[in-house]
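To start, the structure itself, in structure tokens.
The values are calculated or read from the model by the stated rules, or taken from the named source; none is laboratory data. Remember, predicted model here, so these are calculated numbers, not experimental data. Cβ placement follows ideal geometry from the backbone for every residue including glycine, while neighbour counts extend to all protein chains displayed.
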Number of protein chains: 2
Amino acid sequence: MKKQIPAASIERLCAVFHVLEELEASGIDTVSSIEIGKRLGAASHNIRKDISYFGEIGNCRAGYDVRKLKNHLSAKLGLNKGKKACVVGLGRLGTAILNYGQLGQHGFAIVAGFDSNINKIETINTEIPLFPAHEIALVVKRKGIELAALTVPGQATQETVGKLIEGGIKGIVNFTPAVIKPTKNVFVRNIDLVGEFRNLSALSTLTI
Amino acid sequence: MKKQIPAASIERLCAVFHVLEELEASGIDTVSSIEIGKRLGAASHNIRKDISYFGEIGNCRAGYDVRKLKNHLSAKLGLNKGKKACVVGLGRLGTAILNYGQLGQHGFAIVAGFDSNINKIETINTEIPLFPAHEIALVVKRKGIELAALTVPGQATQETVGKLIEGGIKGIVNFTPAVIKPTKNVFVRNIDLVGEFRNLSALSTLTI
């Protein structure tokens, strides 16, 4: 551990960064921790505490300078540096992510795609270099890829994760139905579309 | 409000349900609240409390009967009843979700797709009926659609959400970069791919 900032705070600070982007796009110059908290459904004192991990910035009474705080967080969170990413599993979802322009615009360059089906690799029309799945560890290491979007079928998850870790991956956004547990050096975000639908369904069944 | 079960508990119970599915698929018959908690990164007493909202089931010392608890939660969370869903915005991601078989297999039938581009509607090859965006409210109401996956461009978000609400939608999985705030009767899950990459990036920058 370089610093003792809790993961929950890092996550919240990324959300604060997103709010600041939206405020800047709306032409808003200053914002209070109360307003940021409202938008995120978090207590304002938590927001202030999270921001204070990176030292003093702005004046809480006058509000934060949106642009200044945004740039400050961007530098401290390392969001101002480009990172290389890959997509593993080139079905419909994988292909959609491969071509999702927003990632590149925000500094996440997709530099490789992988699939176990060689025919698929040869027929997908993209400028991004595609490789067979057995080359994952090699290519991830060679290109210095730090992040991966995982869109393989559930049963291929564990094996694929092993290859990514072998290549030195640092973070995985997991779209498979299988839950991947984070390890010491690899962070994981599990995104489960069926799970999201279930949550909404259960919430509306039980509370409306 | 029908019952006073906190949203966080409902969310955790959906996650418990998912764990039970995985255990059942692995041929495991009984499970303790400690084991469930471990898999979800939650305290076992929280798991027991959440489950107890739906009355007594199983014996904590002997462990829960996986299949029995799964069916119990399924019924209580309303996951055993099919729900109708739609996809709004038929770009790559929208089309991927439109054809994502897992949703149908878990009781979420995609019964409509919408896009503002009429040409797109005519050229997409699918068995799911597609409609122009101006018919959203009408079709959602007529078909009794409860859930929507939103994959329109960011600037079209607010207007589209208005139409869905007009049609009586109950839940929205939001894939646009815009954050949608939940209303009293409409639940929202915001999924932000760029945000997920940022989280991973910041976590690995600050803690490895």
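Annotations
- Scanning the range A:56-70 for any residue that is within 20 Å of B:Ala178 (Cα to Cα) and surrounded by fewer than 17 Cβ atoms within 10 Å (Cβ to Cβ) turns up at least one such residue.
- Some residue of the range A:5-18 being in a loop (DSSP other than H, G, I, E, B), touching a Ser or Thr at 6+ places or on another chain (Cβ under 9 Å), surrounded by fewer than 17 Cβ atoms within 10 Å (Cβ to Cβ) and of a type in the set (A, V, I, L, M, F, W, C): no
- Only one of the numbered conditions (1) modelled with pLDDT of 90 or more; (2) surrounded by fewer than 22 Cβ atoms within 10 Å (Cβ to Cβ) is not met by A:Ile172, and that is (2).
- So A:Lys84, is it surrounded by 21 or more Cβ atoms within 10 Å (Cβ to Cβ) and in contact with a Leu (Cβ under 9 Å, 6 or more places away or on another chain): no
- Any hit, the range B:122-137, residues being modelled with pLDDT of 90 or more, under 30 Å from B:Glu35 (Cβ atoms) and either in a loop (DSSP other than H, G, I, E, B) or not assigned by TED's automatic domain parsing to the domain that holds B:Ile172 (or both): no
Residue by residue, here is whether (1) within 18 Å of the chain's Cα centre (by Cα); (2) more than 9 Å from every other protein chain (Cβ to nearest Cβ); (3) charged (D, E, K, R) holds:
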position	(1), (2), (3)
A:Glu146	yes, no, yes
A:Gln158	no, yes, no
A:Gly162	no, yes, no
A:Gly167	no, yes, no
A:Ile172	yes, no, no
A:Lys181	yes, no, yes
A:Phe187	yes, no, no
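- Inspection of the range A:33-41 identifies no residue that is under 29 Å from B:Arg92 (Cβ atoms), of a type in the set (S, T, N, Q) and not assigned by TED's automatic domain parsing to the domain that holds A:Lys143.
- Tally of residues being closer than 14 Å to B:Leu150 by Cα, facing chain A (nearest Cβ under 8 Å), out of contact with any Phe, Trp or Tyr (no Cβ under 9 Å at 6 or more places or on another chain) and touching a residue at least 24 places away in the same chain (Cβ under 8 Å) across the range B:92-101: 1
- Whether a residue is in contact (Cβ under 8 Å) with a residue 40 or more places away in the chain, at negative phi and hydroxyl-bearing (Ser, Thr, Tyr) was assessed, and A:Thr151 passes this test.
- Criterion applied to B:Asn71, B:Asn46 was being part of a helix (DSSP H, G or I), assigned by TED's automatic domain parsing to the domain that holds B:Arg12 and over 28 Å from B:Phe108 (Cα atoms), and the one residue passing it is B:Asn46.
- Matching entry among B:Gly104, B:Gly94 (being farther than 18 Å from B:Ile172 by Cβ, within 22 Å of the chain's Cα centre (by Cα) and either not charged (D, E, K, R) or not in a loop (DSSP other than H, G, I, E, B) (or both)): B:Gly104
- Residue among B:Asn119, B:Asn99 that alone is among the polar types (S, T, N, Q) and more than 19 Å from B:Phe175 (Cβ to Cβ): B:Asn119
- Qualifying residue in the range B:113-129 (condition: among the aliphatic types (A, V, I, L, M) and crowded, with 20+ Cβ neighbours inside 10 Å): no
- Qualifying positions in the range B:152-169 - modelled with pLDDT of 95 or more and assigned to a loop (DSSP other than H, G, I, E, B): B:Gly168, B:Ile169
- Test: B:Lys76 is farther than 19 Å from A:Ile191 by Cα, surrounded by fewer than 16 Cβ atoms within 10 Å (Cβ to Cβ) and of a type in the set (Lys, Arg): no
- Positions within the range A:19-55 being surrounded by 14 or more Cβ atoms within 10 Å (Cβ to Cβ), small (Gly, Ala, Ser) and either touching a helix residue (DSSP H, G or I) at 6+ places or on another chain (Cβ under 7 Å) or modelled with pLDDT under 90 (or both), in sequence order: A:Ser33, A:Gly37, A:Ala42, A:Ser44
- Checked against (1) modelled with pLDDT of 95 or more; (2) at positive phi; (3) of a type outside the set (A, V, I, L, M); (4) in contact with a Lys or Arg (Cβ under 7 Å, 6 or more places away or on another chain), B:Lys143 meets all criteria but (2).
- Residue in the range B:172-195 that is without any contact (Cβ under 8 Å) to a residue 12 or more places away in the chain and part of a helix (DSSP H, G or I) present: yes
- Among the numbered conditions (1) surrounded by fewer than 22 Cβ atoms within 10 Å (Cβ to Cβ); (2) more than 11 Å from chain A (Cβ to nearest Cβ), the only one that B:Gly104 does not meet is (2).
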